[in-house]
Structures are given as C-alpha cells and as structure tokens.
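The values are calculated or read from the model by the stated rules, or taken from the named source; none is laboratory data. Here the structure is a predicted model, which is why all the values come from computation and not from measurement. Here Cβ is always computed from backbone atoms with ideal geometry, including for glycine, and neighbour counts include all displayed protein chains.
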Amino acid sequence: MKRIKSVVIFYNSKRRKAIVFTAGIEKKLSAAGVRVAKICVNDVFCDFRAADAAVAVGGDGTVLYAARHLMKHSIPALGINAGGLGFLSGMENAEFVSRINEFIEGKFKKIKRSLLSAEVTRGSKKVFGPFPALNDCVIRSIEARAFSLHVSYGSQFLSNYFGDGLIVCTPTGSTAYNLAALGPIAMPELEVALLSPICPHTLTHRPLVLSAGENIKIKVLSARYGPHKVILSIDGQENFELKARDEIIIKKHPQIFEMLVPENFSYFDILRKKLRWGER
C-alpha cells in the first residue's frame with residue numbers, strides 16, 4: 001500500500017469517546033502532513049473521493065455506515081473502537097496512536113470483505129434496492145408472532161420456514177445476529193452466504209452455509225392468523241416494511257469492501273479477545 005496523504009474520518013458524534021479519539025487522531029495525522037476530512041455519521045457529506053484511506057471511529061455501526069459509502073470509491077478503511085464490543089474495529093485507539101506512522105507509511109494490509117445485495121419485488125415491480133449489506137439481511141416480524149417464508153436457492157426449492165424470521169449474512173456478519181441465532185462462524189475470506197432461521201418452530205431447521213454464487217429468493221407468505229408487520233433490515237440500519245407475497249432477492253454484491261488492519265492482525269485473536277472464543 002502506498003504512503004497515505006489524505007484521510008477521511010467517519011465518527012459517531014453521539015459517543016463522547018469517539019469525539020475525543022477523532023480529535024486526537026486528526027491532530028496526529030495533520031501534524032504528519034496528512035490532509036484530513038471529517039464526516040459525522042448521518043451528517044452532511046463532504047467530498048472524500050480523493051482520500052487514500054478512511055478511519056471509522058465508533059462502534060460496529062459506524063464501520064457499517066462508512067463501508068456503504070466507501071465501497072463505491074474503493075477506499076479502504078480502518079475501524080477504531082470507541083463503542084462496546086467493536087468486533088469490526090481492527091484496533092483500539094491507544095494502539096493506533098502508537099502505530100500511526102506505520103499507517104501513514106502504508107504498512108497496514110488490506111483484507112477484502114464480500115457484501116450481499118438485497119432487493120424487494122412486489123408483483124412485477126421493484127419496490128426496494130438493490131441495497132448493499134456488509135453484515136446481514138434480516139427478515140423478521142415486528143410483533144412477537146411467527147410467520148412463514150418460502151425460500152429457494154438458485155433454481156432449487158430449499159424449504160418453507162415458520163418462525164420469527166430468517167438471517168442471511170456474509171462471513172463478516174457471521175459473528176453478529178447470526179451468532180446469537182446459533183449460526184456458524186465463517187472466516188471473512190470465504191465466498192459464502194449463511195442462512196440461519198430465527199427461533200424456527202421445528203426441531204429440524206438448522207443453519208446452512210451456501211455458496212454465494214447463486215441467488216437466494218425469499219417470499220413472504222400470508223400469516224396464519226391474520227396480517228402482521230414484517231420487515232427487511234439491512235445491517236440493522238436500513239429497514240423496509242414487507243407485505244404478503246413480496247419477494248426478497250439476495251445475492252453476492254459485485255463490489256467488495258477493503259478493511260485495513262496491522263500486518264500482525266489475526267482473525268482468531270479477535271475471536272478470542274472479543275468473544276472469549278474457546279474459553280472454559
């Protein structure tokens with residue numbers, strides 16, 4: 001990676017730590033001669049297309065928000081944790097500040113993260129999307145009521161699901177909602193989509209790992225006990241209310257998102273540190 005001359009910082013202004021960390025990072029980068037632009041999450045955008053790299057300061061939501069905008073311009077991003085768990089954040093603030101010269105000199109490595117794309121058709125009309133998802137696409141009931149989904153994979157019928165909903169996630173999102181729904185963890189480099197039912201009303205429906213090369217089509221069937229609200233939620237940030245007979249088409253997104261991490265980064269270290277993976 002070439003030396004970094006221009007950086008855009010995405011930060012969460014609702015987190016005091018994010019504001020403090022951002023000010024410190026901006027000061028350090030500016031002192032080293034790096035041009036810095038700042039974007040507050042959900043605020044008015046500046047033109048960042050010329051940036052060599054981005055830094056997302058906040059929780060995982062900040063990284064997800066930044067990813068949707070950066071992927072369009074192939075700008076890699078480093079996540080700095082100023083939230084809670086911060087699983088998508090490559091570093092803690094103190095470590096980044098101590099290694100900021102390595103970052104500026106382009107000594108961090110890029111890791112490619114695949115995305116999904118979701119769209120909704122109602123009859124013959126597209127009513128939502130396509131919209132990118134770095135983590136997951138979740139179809140769920142707003143109310144505490146089970147409902148049915150008809151699912152196909154490519155040209156093959158997969159199954160009908162009756163329960164609280166369905167999660168379709170990327171390997172990146174496998175450690176998010178999918179993990180809580182007892183879905184498997186997938187290494188980020190894999191070209192797969194994971195399908196995990198949410199509280200299925202059966203003992204036989206289990207999570208599936210599918211090749212990302214085929215489309216997943218999910219049709220909302222009529223509720224057994226009258227109409228109720230069902231939504232499609234993308235990365236927990238973009239929501240769309242669905243109707244009976246709507247069809248959700250989920251497929252591999254043509255673009256990728258590049259995350260910056262230190263050269264000594266290990267995915268399994270993150271699993272052990274953040275999720276206490278393997279502890280007894």
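For region 6-28, does any single residue satisfy the condition of being in a loop (DSSP other than H, G, I, E, B) and among the aliphatic types (A, V, I, L, M)?
Within region 6-28, not a single residue is in a loop (DSSP other than H, G, I, E, B) and among the aliphatic types (A, V, I, L, M).
Within region 190-214, work out how many residues are under 17 Å from residue 116 (Cβ atoms), loosely packed, with under 14 Cβ neighbours inside 10 Å and either in contact with a Phe, Trp or Tyr (Cβ under 9 Å, 6 or more places away or on another chain) or polar (S, T, N, Q) (or both).
Here the count works out to 1.
In region 29-39, is there at least one residue being more than 25 Å from residue 170 (Cβ to Cβ), surrounded by fewer than 24 Cβ atoms within 10 Å (Cβ to Cβ) and within 19 Å of the chain's Cα centre (by Cα)?
No, that holds for no residue.
If we only count strands (runs of 3 or more DSSP E) wholly inside region 106-170, which ones have 1 or more residues that are farther than 30 Å from residue 96 by Cβ, assigned by TED's automatic domain parsing to the domain that holds residue 199 and under 20 Å from the mean Cα position of the chain (by Cα)?
Those strands (runs of 3 or more DSSP E) span 109-122, 125-133, 136-141, 165-169.
Among the residues of region 70-99, count how many are closer than 20 Å to residue 38 by Cβ, small (Gly, Ala, Ser) and part of a helix (DSSP H, G or I).
Residues in region 70-99 being closer than 20 Å to residue 38 by Cβ, small (Gly, Ala, Ser) and part of a helix (DSSP H, G or I): 0 in total.
Kindly provide the set of residues from region 47-62 that are in a helix (DSSP H, G or I), surrounded by 20 or more Cβ atoms within 10 Å (Cβ to Cβ) and in contact (Cβ under 8 Å) with a residue 60 or more places away in the chain, ordered by number.
Of everything in region 47-62, just one residue is in a helix (DSSP H, G or I), surrounded by 20 or more Cβ atoms within 10 Å (Cβ to Cβ) and in contact (Cβ under 8 Å) with a residue 60 or more places away in the chain, namely 60.
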